[in-house]
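Take a look at the structure set out below.
The values are calculated or read from the model by the stated rules, or taken from the named source; none is laboratory data. Source: prediction; values computed, not measured. No Cβ is skipped: glycine too gets one built from the backbone with ideal geometry, and neighbour counts run over all protein chains shown.
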């Protein structure tokens with residue numbers, strides 16, 4: 001078994017399901033800490049701050065600190081910082097996690113002649129927000145999406161995700177966005193910079209072939225599909241992008257790497 005020096009860990013379907021930790025997840029995190037192996041919780045969720053994510057994990061009995069969380073909102077802010085100075089005007093469709101990251105980066109959040117339009121999950125999405133975003137993009141603003149996830153898993157089933165809102169803006173503005181989150185390599189590149197490990201020594205772990213596993217392939221990382229969430233072993237066998245490893249869950253993986 002390859003000895004990886006760093007891990008990028010998906011959350012929903014990998015570490016927890018709904019409001020409960022998946023069996024074996026807490027023990028896996030403890031193992032990584034004991035072995036001194038760095039890791040990040042890597043999530044396409046742009047609505048929550050790292051502090052909120054860490055607190056939620058701790059409430060499930062899983063060790064977590066804000067510095068161990070990397071969200072698509074953080075990656076989106078980093079992407080904009082590479083291309084624009086503080087004071088640049090941004091029109092945002094999103095929630096508190098994205099709002100805080102853009103504000104902390106020094107951007108001015110406004111609908112008046114923005115240079116960028118950033119779209120993330122927004123459960124208060126309205127026709128007026130759609131019209132403002134489409135108008136700005138048609139006027140020349142750069143269109144950026146935190147992620148393109150069509151559906152959002154909830155305890156009541158699948159709800160429209162950020163990608164559904166992105167699709168509405170894209171259709172209204174006749175433009176395609178720059179997508180930051182998984183499966184795009186942009187978020188992985190930023191996460192690796194924070195983690196401090198190279199592509200060839202880092203494993204990305206997740207339950208979704210279309211986001212986590214494809215993100216690994218797009219960014220040059222080995223991948224581990226855990227069968228505790230979205231994708232199945234049968235789907236993995238026919239998916240165009242195959243995971244490097246498959247495990248029943250994180251407990252199964254821990255047994256393999258520690259034997």
Subset of the stretch 166-175 [in a loop (DSSP other than H, G, I, E, B) and at negative phi]: 175
- request: Residue by residue through the stretch 176-206, note down the ones that are part of a strand (DSSP E or B), under 15 Å from the mean Cα position of the chain (by Cα) and under 14 Å from residue 40 (Cα atoms).
  value: 204, 205, 206
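Check 221, 227 and return the single one that is at pLDDT 95 or above and closer than 17 Å to residue 23 by Cα.
The unique qualifying residue is 227.
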task: Take residue 17 and decide whether it is in contact (Cβ under 8 Å) with a residue 12 or more places away in the chain and either on the phi > 0 side of the Ramachandran plot or not assigned by TED's automatic domain parsing to the domain that holds residue 248 (or both).
output: no
- request: Identify the residue in the stretch 246-259 that is touching a residue at least 24 places away in the same chain (Cβ under 8 Å) and within 21 Å of the chain's Cα centre (by Cα) and, among all such residues, is farthest from residue 26 (Cα to Cα).
  value: 249
- request: Would you check if there is a residue in the stretch 220-227 being over 15 Å from the mean Cα position of the chain (by Cα), crowded, with 24+ Cβ neighbours inside 10 Å, farther than 14 Å from residue 241 by Cβ and touching a residue at least 12 places away in the same chain (Cβ under 8 Å)?
  value: yes
- prompt: So how many residues does the stretch 155-165 have that are in a loop (DSSP other than H, G, I, E, B) and farther than 15 Å from residue 44 by Cα?
  reply: 2
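Considering the stretch 233-251 alone, what residues qualify as being assigned to a helix (DSSP H, G or I) and surrounded by 15 or more Cβ atoms within 10 Å (Cβ to Cβ)?
Selection gives 236, 250, 251.
Can you work out which of the residues in the stretch 130-141 that are buried (at least 18 other Cβ atoms within 10 Å of the Cβ) and in contact (Cβ under 8 Å) with a residue 40 or more places away in the chain is nearest to residue 81 (Cα to Cα)? Quick ask: steps written out before the conclusion?
At the first step, the residues of the stretch 130-141 found to be buried (at least 18 other Cβ atoms within 10 Å of the Cβ) are 130, 132-134, 136-137, 141.
Those still in the list that are in contact (Cβ under 8 Å) with a residue 40 or more places away in the chain too: 130, 132-133, 136, 141.
Details: 130: 24, 132: 23, 133: 20, 136: 20, 141: 15 Å.
So, considering only residues that are buried (at least 18 other Cβ atoms within 10 Å of the Cβ) and in contact (Cβ under 8 Å) with a residue 40 or more places away in the chain, the one nearest to residue 81 (Cα to Cα) is 141.
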